[in-house]
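Down below is the structure, laid out as structure tokens.
The values are calculated or read from the model by the stated rules, or taken from the named source; none is laboratory data. Being a predicted model, the structure only gives us computed values, none of them experimental. Here the Cβ is made from the backbone with ideal geometry for all residues, glycine too, and neighbour counts use every protein chain on show.
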Amino acid sequence: MDFKLTSEQESFKKMAREFTEKEIIPVSRELDENEEFPSTILKKMDEVGLFNLSIPEQYGGPGVDALSYSIIFEEIARGCAGVATCANGNALALYPLLLGGSEEQKESFLPRICEEGSLVSFCLTEPNAGSDAGGIATIARKDGNDYLINGTKCFITNARYAKYHTVFAKVDDGSDKKKPAVFMVEADRPGVVVGKKEEKMGLRCSDTSEMIFEDVSVPQENLIGKAGEGIKLAMMTLDMARPSIGALSVGIAQAAYEAAVTYSKERVQFGRPICKNQAIQFMLADMATEIEAARYLVYQASCLKDKYWEDRKPFSKQAAFAKLYATDMAMRVTTDAVQIFGGYGYTREYLVEKYMRDSKIQQILEGTNQIQRMVIAANILSE
Ligand SMILES: Cc1cc2nc3c(=O)[nH]c(=O)nc-3n(C[C@H](O)[C@H](O)[C@H](O)COP(=O)(O)OP(=O)(O)OC[C@H]3O[C@@H](n4cnc5c(N)ncnc54)[C@H](O)[C@@H]3O)c2cc1C
């Protein structure tokens, strides 16, 4: 364990940082103000090889390892967490297929998605089933060789821009028990409707919308894995995705911390820069320490995620550690950054208020931090 990135990881970091400085930071405020979806940036990310990173090479993707993925997404989120969320949404949506799909299904969808550079959405949450994913009411009724899907999903990232949706539903095959399952659903199937767009506190350039499925007919070939495996695949997907939410949070916190250090050296009160006060120095010291600690929890979870494909060893606890600590850390760090900026921090003149807004949701999505604590406790108590 030498805590050194490989030369390949260093070059990913450099490339992602340069892209972020050039393409994202100059427009991040504007995208946020206008709630503008970053289509042009996502297209450029695809052109330079920073999109669909988690799709293996054999299916036409870059096949980037999980640690490199986290390093890259920390950099993108340092520029704008909204942009990072749009791009990262594809990884979340494709894990069910990667984890539970047959070879034919992967061959059928993944090369197309890479070729088109298309967006995919992950449709799990429903109005009455958020933390309690097992409570979903969307039904997939067996109809000969097909399934008819009916139900409403909410808070779906990339919903109105996605060409494919990964949809969780309970299979009704006429037997007593409804079996949770997951389907790939093409957006152009009749009955796939995009509903209302949410107006959000943060991640304002990302799309979060309702999805309605009205008698949507999908063939048997679009059922991923078996009926009954839906919740297991959802939970495994979230384990895969949580290190990335940690990475995004480290990126937001890093941006807030850098802004706070710079400002504290420039802002003069009582005849000297505010960074000369121990009260400010201690805030900066805590920020730097916590960012570093979160970054290593993210790296650890990412390495275990990489190993999972070889040894199939569960890493739920470490994924939850990374998500929980990094997202709570980002909330603390961005709040302190606003404090260091004083009244100016509360205005839109500086980006620290955006970092604080973008951090809040990280404690909620992909399993709230109460749910992360439940996952960690369940793991500890069964060890
Ligand atoms: C911007 C954004 C993007 C999103 N993207 C997606 C997406 O792409 N796909 C998708 O499927 N979903 C998405 N979501 C939904 C997100 O995952 C849910 O909002 C989240 O899981 C929480 O569900 P809920 O909002 O229904 O809250 P609830 O489950 O109603 O929870 C409310 C509160 O109660 C707490 N709580 C609930 N149960 C317990 C318990 N047993 N013990 C202790 N506390 C508990 C929670 O921690 C929370 O504080 C997104 C949400 C947002 C806001």
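Points worth noting:
- Subset of segment 305-330 [of a type in the set (A, V, I, L, M, F, W, C) and either more than 18 Å from the chain's Cα centre (by Cα) or within 26 Å of residue 257 (Cβ to Cβ) (or both)]: 309, 319, 320, 321, 322, 324, 326, 329, 330
- Cβ pairs under 7 Å, 6+ apart, first in segment 125-145 and not assigned by TED's automatic domain parsing to the domain that holds residue 375, second small (Gly, Ala, Ser) and modelled with pLDDT under 95: 142/174
- Those residues of segment 209-228 which are under 24 Å from the mean Cα position of the chain (by Cα), of a type in the set (Val, Ile, Thr) and buried (at least 20 other Cβ atoms within 10 Å of the Cβ), in sequence order: 224
- Of all residues in segment 341-361 being outside any helix (DSSP H, G or I) and hydroxyl-bearing (Ser, Thr, Tyr), the one that is farthest from the chain's Cα centre (by Cα): 347
Rundown of residues vs (1) touching a strand residue (DSSP E or B) at 6+ places or on another chain (Cβ under 8 Å); (2) more than 16 Å from the ligand (Cβ to nearest atom); (3) among the hydroxyl-bearing types (Ser, Thr, Tyr); (4) at pLDDT below 95, yes/no style:
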position	(1), (2), (3), (4)
285	no, yes, no, no
299	no, yes, yes, no
314	no, yes, no, no
320	no, no, no, no
330	no, no, no, no
350	no, yes, yes, no
357	no, no, no, no
362	no, no, no, no
371	no, no, no, no
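- Residue in segment 135-159 that is nearest to residue 218 (Cα to Cα), counting only those that are within 12 Å of the ligand (Cβ to nearest atom) and not in a strand (DSSP E or B): 138
- Flag if residue 189 is in contact with a strand residue (DSSP E or B) (Cβ under 6 Å, 6 or more places away or on another chain), at pLDDT 95 or above and in a loop (DSSP other than H, G, I, E, B): yes
- With respect to (1) crowded, with 19+ Cβ neighbours inside 10 Å; (2) over 16 Å from residue 130 (Cβ atoms); (3) within 16 Å of the ligand (Cβ to nearest atom), the lone exception for residue 334 is condition (3).
- Boolean, residue 120 is closer than 20 Å to residue 213 by Cβ, among the β-branched types (Val, Ile, Thr) and either assigned to a helix (DSSP H, G or I) or within 16 Å of the ligand (Cβ to nearest atom) (or both): yes
- Selection of segment 2-20 for residues being more than 21 Å from the chain's Cα centre (by Cα) and either basic (Lys, Arg) or within 21 Å of residue 82 (Cβ to Cβ) (or both) yields 4, 14, 18.
- Residue match in segment 160-182 (condition: surrounded by 16 or more Cβ atoms within 10 Å (Cβ to Cβ), within 20 Å of the chain's Cα centre (by Cα) and either away from the ligand (no atom under 14 Å from the Cβ) or part of a loop (DSSP other than H, G, I, E, B) (or both)): yes
- Test result for residue 8, at negative phi, of a type outside the set (Gly, Ala, Ser), assigned to a helix (DSSP H, G or I) and exposed (fewer than 15 other Cβ atoms within 10 Å of the Cβ): yes
- In the set (1) surrounded by fewer than 24 Cβ atoms within 10 Å (Cβ to Cβ); (2) touching a helix residue (DSSP H, G or I) at 6+ places or on another chain (Cβ under 9 Å); (3) aliphatic (A, V, I, L, M), residue 252 fails one condition alone, (1).
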